[in-house]
Ligand code: ADP
Ligand code: MN
Ligand code: MN
Ligand code: MN
Ligand code: MN
């Protein structure tokens, strides 16, 4: 997507400042957030009376699904069901962010509501205490659609100095990354850390470990916060798995997984038994591991080949890696390195549950 490269397209957040501490006279702004039909986030605001302490106090709402790729124009109402609330780092005070599920008029989950099935799988296997930690890689683009800070013509120097880089010319937009980190902490999103990535203008944040459905919820909220923060800086976030073809790293969504059994002494046995299950369902997993992932999973740039499953200890070229310290301790977690950065965490973690424990009986 190419945006008009004019500074006038960026709003003046300095001017906003003097309005922010105006009293709200007992009313709360609730930002209803949902996932659209293109893997993006959408939101709109509703005024509610008084503070909201429990998501159950919030009413359903609706929107025009024909404008978001979620419904046909002649039957466009899609319903928003609030599922979780978070403190709003932008408006602060009692104002809240409200994560919603999308439902159709006939009372069935919307086609793009991947949370519903995922939540059922998590609930059915809650006693396994599944934990997930996802490493979300992403790329910052300027308004011209090029990676932020890259020369207008040509390319930056080859990869090497940028990963976890420090210093001018090695990293770009640390301000956005810092702002996002703070926003996540304020919003109670369990952000585990951040680092600059191998390709310049590419970064990573990790969310987790979170139990069950919470991972998908918190990762989506972290994505919302990132888009929303970057908007104020006039920078575009892309989750494209291979934003620049050639000798530039793609962007992934490494998925770290453990269950109660795996975390106990001798848990490595359980981890290894899951490797066999994963191998048998490689195709099913790849189907939900992101669009355009074949451009990223070439076998080069720390990826495995998309067509075959393999696993190894400390092997960053494998589909699944068992961290060295877990192999040594005989317990812990494993890392599925296949998911692309644009994959849906509900689909990833749901598929993982199905492969480990089977589906939910109807
Ligand atoms: P990498 O070495 O692959 O870059 P990171 O440090 O970026 O790893 O991310 C590791 C992720 O694994 C973090 O999100 C962390 O929360 C998660 N994690 C750690 N322990 C567990 C566990 N027992 N189960 C699931 N996830 C875990
Ligand atoms: Mn209207
Ligand atoms: Mn990482
Ligand atoms: Mn990474
Ligand atoms: Mn990783």
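What follows is calculated from the coordinates using simple rules that are stated; it is not laboratory data. Being a predicted model, the structure only gives us computed values, none of them experimental. With ideal geometry, Cβ positions are generated from the backbone for all residues, glycine too; neighbour counts draw on all protein chains shown.
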Q.
Once you keep just the Cα pairs under 8 angstrom separated by 6 or more residues, what percentage relative contact order results for the chain?
A. 16 percent
Q) Is it possible to state the helix-based mean residue ellipticity at 222 nm for the chain, with each DSSP H run of 4+ residues giving -39500 (n - 2.57), the sum divided by total residues, to the nearest 500 deg cm²/dmol? What is it? A) -8000 deg cm²/dmol
Q: Could you work out the Kirkwood radius for the chain, taking every pair of different alpha carbons, averaging 1/r and inverting it, reported in Å?
A: 21.7 Å
Q. Roughly speaking, what is the stretch gain from residue 57 to residue 279, that is 0.36 nm per residue apart minus the C-alpha to C-alpha distance, in nm to one decimal?
A. 75.5 nm
Q: Please report how far the C-alpha centroid of segment 202-235 lies from that of segment 284-362, rounded to the nearest whole angstrom.
A: 20 Å
Q) Using a basic spin-label model with each label point 7 Å from the Cα along Cα→Cβ, how many nm lie between residue 21 and residue 164? A) 4.1 nm
(Q) If you take every DSSP beta bridge fully contained in the chain, what fraction is antiparallel? Give it as a percent rounded to 5. (A) 85 percent
Q: Label segment 213-303 by shape, choosing from rounded, prolate and oblate, from the square roots a ≥ b ≥ c of the eigenvalues of the Cα gyration tensor; if a/c is under 1.5 it is rounded, and otherwise prolate applies when a/b is larger than b/c, oblate when it is not.
A: oblate
Q) So for segment 165-257, what percent of the C-alpha to C-alpha distances run longer than 21 Å? A) 33 percent
(Q) I need the shape label for segment 1-124. Rule: rounded when a/c is under 1.5, else prolate if a/b > b/c, else oblate, with a, b, c from the alpha carbon gyration tensor. (A) oblate
Q) Based on the alpha-carbon gyration tensor of segment 263-362, what equivalent-ellipsoid semi-axes (square roots of 5 times the eigenvalues) come out, in whole Å, largest first? A) 22, 19, 11
Q: Report the label-to-label distance for residue 195 and residue 66 in nanometres (one decimal), using points 7 Å from each Cα along the Cα→Cβ vector.
A: 4.9 nm
Q.
Starting from the 7 Å offset along Cα-to-Cβ, what nm value, one decimal, do you get for the label separation of residue 211 and residue 38?
A. 3.8 nm
